[in-house]
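Colleague: Quick one: structure below, then a few questions.
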Amino acid sequence: MIKGIHHISMKCASVGELERVKEFYIGLLGMKLKRQWDGGIMIDSGSGLIEVFIGDDGVRSKGAIRHTAFETDDVDGIAERIENAGYEVFIKPNDRVIPSDPEYRLRMAFCYGPLGEEIEFFCEL
């Protein structure tokens, strides 16, 4: 079942905005850089991660916070339960590798929640 919140995801529009995010969370607030890749970073808040990546429209499409991710050992089982309850799983369970340093392997799925919010179910591999 759910073990907690894994990360929040934010989107910015440019390298300059990404640098300002790093300056604020890492420089000003003292959080640690967990990993980075071309166009993105993960920051360790101490009790969860903040994922920030560059996209075409930054905060203009959905706001700064993109989705909530819940950590689980059973992405497939939860996705199936969500679908069986009548909710849309708009990204089916799948494995991904983020080409970061170090490489980051994961299994994930996304659904819409009862208020239309985007929710990710996430498992580090």
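Colleague: Inside the range 32-113, counting only strands (runs of 3 or more DSSP E) that do not spill past its ends, which hold 3 or more residues that are over 29 Å from residue 16 (Cβ atoms) and of a type outside the set (Gly, Ala, Ser)?
Modeller: Of the strands (runs of 3 or more DSSP E) lying wholly inside the range 32-113, those with at least 3 residues that are over 29 Å from residue 16 (Cβ atoms) and of a type outside the set (Gly, Ala, Ser) span 91-98, 104-112.
Colleague: How many residues does the range 21-36 contain that are surrounded by 13 or more Cβ atoms within 10 Å (Cβ to Cβ) and without any contact (Cβ under 8 Å) to a residue 40 or more places away in the chain?
Modeller: Residues in the range 21-36 being surrounded by 13 or more Cβ atoms within 10 Å (Cβ to Cβ) and without any contact (Cβ under 8 Å) to a residue 40 or more places away in the chain: 6 in total.
Colleague: Taking interchain pairs and intrachain pairs at least six residues apart, which have beta carbon atoms under 8 angstrom, with the first residue in the range 94-105 and more than 10 Å from residue 38 (Cα to Cα) and the second surrounded by 10 or more Cβ atoms within 10 Å (Cβ to Cβ) and polar (S, T, N, Q)?
Modeller: 101/36
Colleague: Please work out which residue is modelled with the lowest pLDDT, limiting yourself to the range 1-59 and to residues that are among the basic types (Lys, Arg) and within 20 Å of residue 110 (Cβ to Cβ).
Modeller: If we take residues in the range 1-59 being among the basic types (Lys, Arg) and within 20 Å of residue 110 (Cβ to Cβ), then 11 is modelled with the lowest pLDDT.
Colleague: Assess whether residue 104 counts as being more than 17 Å from residue 49 (Cβ to Cβ) and of a type in the set (Phe, Trp, Tyr).
Modeller: no
Colleague: What is the residue count in the range 37-48 for residues that are surrounded by fewer than 11 Cβ atoms within 10 Å (Cβ to Cβ) and in contact (Cβ under 8 Å) with a residue 60 or more places away in the chain?
Modeller: 1
Colleague: Answer yes or no: is there a residue in the range 74-91 that is surrounded by 13 or more Cβ atoms within 10 Å (Cβ to Cβ), touching a residue at least 12 places away in the same chain (Cβ under 8 Å) and within 19 Å of residue 10 (Cα to Cα).
Modeller: yes
Colleague: If a residue has to be within 22 Å of residue 99 (Cβ to Cβ), basic (Lys, Arg) and outside any helix (DSSP H, G or I) to count, how many in the range 1-31 make the cut?
Modeller: Of the residues in that region, 1 qualify.
Residues checked against (1) under 13 Å from the mean Cα position of the chain (by Cα); (2) within 18 Å of residue 41 (Cβ to Cβ); (3) modelled with pLDDT of 95 or more:
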position: 64; (1), (2), (3): yes, yes, no
position: 72; (1), (2), (3): no, no, no
position: 91; (1), (2), (3): no, no, yes
position: 97; (1), (2), (3): no, yes, yes
position: 112; (1), (2), (3): no, no, no
position: 121; (1), (2), (3): yes, no, no
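The values are calculated or read from the model by the stated rules, or taken from the named source; none is laboratory data. Note that the structure is a prediction, hence the values are computed from the model and not measured. Quick reminder, even Gly has a Cβ in these numbers, built from the backbone with ideal geometry, and neighbours come from all protein chains shown.
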